[in-house]
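Only one structure is covered here, and it is reproduced in the block below.
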There are 2 protein chains.
Amino acid sequence: MHKVVLGFSGGLDSTSLLLYHLHAGNSVKTVQFLYGQLHDKEVYAAQRLLDYLMPQFPRQISDFGVIRLPDIFSGSALISNDPDDIPEGHYHQKNMEKTVVPNRNGVFMNILASICIGLQYDKIGIAVHQGDHFIYHDCRPEYIKAMENAIMLSSFPGIKVHCPFLDSDKGKILRAALQWCDELKINFDEIYSRTWTCYKGQELACGKCGSCVERLEAFHTVGRKDPVEYEC
Amino acid sequence: MHKVVLGFSGGLDSTSLLLYHLHAGNSVKTVQFLYGQLHDKEVYAAQRLLDYLMPQFPRQISDFGVIRLPDIFSGSALISNDPDDIPEGHYHQKNMEKTVVPNRNGVFMNILASICIGLQYDKIGIAVHQGDHFIYHDCRPEYIKAMENAIMLSSFPGIKVHCPFLDSDKGKILRAALQWCDELKINFDEIYSRTWTCYKGQELACGKCGSCVERLEAFHTVGRKDPVEYEC
């Protein structure tokens, strides 16, 4: 049994990673980040998800809470106030570079590491996956490996970075999550209806931004209807 | 001419690093951190130092300001509310381990990196030095090198971590600072009287904690009286 401090955004990937750990019998301390993101609805989604899941796994899930970061990130459409700044289309497009938040994962992973060392947990978990590699430098395997190496050296005996989706796309992640839900006897649709993925952060998910497009493709791949409601 | 985002605590080391960059003709953006440290007086010291130095170097120094971090650090005497929790003696003693703040430099360096990338500066600066190596894992050369490698990969074309005091003790740093002050025609005593080093954060520096002991040794080494007032 491992004790994991998990970066938990309330999106599809980190929710699936939470399920992974529940399925593996690990203890998970969830951490959410508010960093000025336009789609801060994801944090409320994370809270709704925890309200739903914690009573079912009271001995496995505990919540560190929401970490409000000061204004350290600049130059990204994700921290704009205007949903129209968010580019539409697929992640494999040049215009998606606008959504890069400088070194976001570096800041998140190191805060998770500080919490993990302080609480004497043994690893941190992040849900970076293959679809993020193209435009996000701080999601690439060579970066994650280098940061894992640095974090391992920051304490003794050292903590690990656990990033099991690094070589998986969202479809593969969702297919695995379906099976974990089945084996844990929990309701897949109830869980994923509470997740939030859209970058625009409006009342309904837009269905057009890179994040929505990739999510919809994943549900299509596994042959399920996304339980979240879309604008179009 | 380089553009450097500098972790600036208001202590002896980072003040000396600021002087290093002024002497080298670089532009410096200073960043202070409030993270629950008992010795938060260092942040006010940093502000007093900037008030003194900025008018003399208006084109080289700009201040990002104070970053208030949420409660992510635990298990360290440095973030206790009680000065009596701070161990006395030399850094090369086992009891100084109480002053370890888990992965503090990892969090600081990654926040500096996010600011640096966002502002299109070219490096981050930190004043880690040889005296920190014994008890602080996140101050050791192998750690700094590993984190530099990770941070370099977090953006394109990448930013550097500049840590010129890594192999110097406080005496060597102070000797160099004396020369920089001389060549810059600025007043060494006026500057160092505004620095704050003591971990206890009381009205006067205690002169007994590891941080004070090392500072006093450094002034003794260079044959100068420390312009800061001590309790004893």
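What helices (runs of 4 or more DSSP H) lie completely within the range B:166-232 and have 2 or more residues being out of contact with any strand residue (DSSP E or B) (no Cβ under 9 Å at 6 or more places or on another chain) and under 23 Å from B:His137 (Cα atoms)? Even if it seems obvious, please write down each step before you answer.
Working: elements: B:170-184, B:188-192, B:210-221.
Result: B:170-184, B:210-221.
Provide a single number: the residues in the range B:37-72 that are more than 22 Å from A:Tyr35 (Cα to Cα) and among the charged types (D, E, K, R). Steps first, answer last, please.
From the range B:37-72, those more than 22 Å from A:Tyr35 (Cα to Cα) are B:37-62; that's our starting set.
Keeping just the survivors that are among the charged types (D, E, K, R) gives B:40-42, B:48, B:51, B:59.
Qualifying residue count, the range B:37-72: 6.
Modelled with pLDDT of 95 or more and within 12 Å of chain A (Cβ to nearest Cβ): does that describe B:Asn26? Quick ask: steps written out before the conclusion?
Working: modelled with pLDDT of 95 or more: yes; within 12 Å of chain A (Cβ to nearest Cβ): no.
No; evaluated as a whole, the condition is false for this residue.
Go through (1) surrounded by 15 or more Cβ atoms within 10 Å (Cβ to Cβ); (2) assigned to a helix (DSSP H, G or I) and name the single condition A:Ser155 misses.
Among (1) surrounded by 15 or more Cβ atoms within 10 Å (Cβ to Cβ); (2) assigned to a helix (DSSP H, G or I), A:Ser155 violates only (2).
Give me the residue from the range B:88-98 that is in contact (Cβ under 8 Å) with a residue 12 or more places away in the chain and surrounded by fewer than 21 Cβ atoms within 10 Å (Cβ to Cβ) and, out of that set, nearest to the other protein chains (Cβ to nearest Cβ).
Filtering the range B:88-98 for residues in contact (Cβ under 8 Å) with a residue 12 or more places away in the chain gives B:88-93, B:96-98.
Narrowing further to those that are surrounded by fewer than 21 Cβ atoms within 10 Å (Cβ to Cβ): B:88-93, B:97-98.
Details: B:Glu88: 24, B:Gly89: 21, B:His90: 20, B:Tyr91: 17, B:His92: 17, B:Gln93: 17, B:Glu97: 10, B:Lys98: 13 Å.
So the residue we want is B:Glu97.
Against the condition surrounded by 20 or more Cβ atoms within 10 Å (Cβ to Cβ) and out of contact with any Gly (no Cβ under 9 Å at 6 or more places or on another chain), how does A:Tyr136 come out, does it pass? Reasoning before the result, please.
Values: surrounded by 20 or more Cβ atoms within 10 Å (Cβ to Cβ): yes; out of contact with any Gly (no Cβ under 9 Å at 6 or more places or on another chain): yes.
It is true that A:Tyr136 is surrounded by 20 or more Cβ atoms within 10 Å (Cβ to Cβ) and out of contact with any Gly (no Cβ under 9 Å at 6 or more places or on another chain).
Criterion first (outside any helix (DSSP H, G or I) and within 14 Å of chain A (Cβ to nearest Cβ)) does B:Asp71 satisfy it?
yes
Which residue is nearest to the chain's Cα centre (by Cα), if the candidates are limited to the range B:154-188 and must be β-branched (Val, Ile, Thr) and closer than 14 Å to B:Thr15 by Cα? I'd like the intermediate steps shown before the answer.
Initially, the range B:154-188 is screened for residues β-branched (Val, Ile, Thr), giving B:159, B:161, B:173, B:186.
Okay, now just the ones that are also closer than 14 Å to B:Thr15 by Cα, so B:173, B:186.
Numbers: B:Ile173: 12, B:Ile186: 20 Å.
Only one residue fits best here, namely B:Ile173.
Could you grab me the full set of residues in the range B:74-108 that are aliphatic (A, V, I, L, M), part of a loop (DSSP other than H, G, I, E, B) and within 18 Å of the chain's Cα centre (by Cα)? Can you show your working first?
Step one: filter the range B:74-108 for residues aliphatic (A, V, I, L, M), giving B:77-79, B:86, B:96, B:100-101, B:107.
From what's left, part of a loop (DSSP other than H, G, I, E, B): B:86, B:100-101.
Within the range B:74-108, B:Val100, B:Val101 qualify.
Enumerate the pairs (first residue in the range B:210-221 and over 16 Å from B:Asp84 (Cα atoms); second residue anywhere and hydroxyl-bearing (Ser, Thr, Tyr)) with beta-carbon separation below 7 Å, excluding pairs fewer than 6 apart on the same chain, so at least 6 apart or on different chains.
Pairs found: B:Glu214/B:Tyr91; B:Arg215/B:Thr197.
For the range B:30-57, how many residues meet the condition of being outside any helix (DSSP H, G or I) and either small (Gly, Ala, Ser) or free of Cβ contacts under 8 Å to residues at least 12 places away in the same chain (or both)? Please lay out each step first, then the result.
First pass over the range B:30-57, keeping only residues outside any helix (DSSP H, G or I): B:30-40, B:57.
Cutting the leftovers down to either small (Gly, Ala, Ser) or free of Cβ contacts under 8 Å to residues at least 12 places away in the same chain (or both) gives us B:36.
Matching residues across the range B:30-57 total 1.
Restricting attention to the range A:158-193, and to residues there that are crowded, with 20+ Cβ neighbours inside 10 Å and within 14 Å of chain B (Cβ to nearest Cβ), which single residue is nearest to A:His220 (Cα to Cα)?
In this case the residue turns out to be A:Cys163.
I'd like to know if the range B:176-199 contains one or more residues that are farther than 23 Å from B:Met54 by Cα and either out of contact with any Asp or Glu (no Cβ under 6 Å at 6 or more places or on another chain) or in contact (Cβ under 8 Å) with a residue 12 or more places away in the chain (or both).
Just the residues of the range B:176-199 that are farther than 23 Å from B:Met54 by Cα, to begin with: B:198-199.
When the remaining residues are screened for being either out of contact with any Asp or Glu (no Cβ under 6 Å at 6 or more places or on another chain) or in contact (Cβ under 8 Å) with a residue 12 or more places away in the chain (or both), the result is B:198-199.
Yes, there is a match, as at least one residue in the range B:176-199 is farther than 23 Å from B:Met54 by Cα and either out of contact with any Asp or Glu (no Cβ under 6 Å at 6 or more places or on another chain) or in contact (Cβ under 8 Å) with a residue 12 or more places away in the chain (or both).
Scan (1) at pLDDT below 85; (2) within 13 Å of chain B (Cβ to nearest Cβ) for the single condition A:Glu142 breaks and write down its number.
Among (1) at pLDDT below 85; (2) within 13 Å of chain B (Cβ to nearest Cβ), A:Glu142 violates only (1).
Would you pick out the residues in the range A:111-136 that are assigned to a loop (DSSP other than H, G, I, E, B) and at the interface with chain B (Cβ under 10 Å from one of its Cβ atoms)? I'd like the intermediate steps shown before the answer.
Keep residues of the range A:111-136 that are assigned to a loop (DSSP other than H, G, I, E, B), which gives A:120-122, A:126-129, A:133-136.
Passing the criteria: A:Gln120, A:Tyr136.
The values are calculated or read from the model by the stated rules, or taken from the named source; none is laboratory data. From a predicted model like this one, the values you see are computed outputs, not experimental measurements. Don't worry about glycine lacking a Cβ; one is built from the backbone with ideal geometry, like all the others, and counts go over all protein chains shown.
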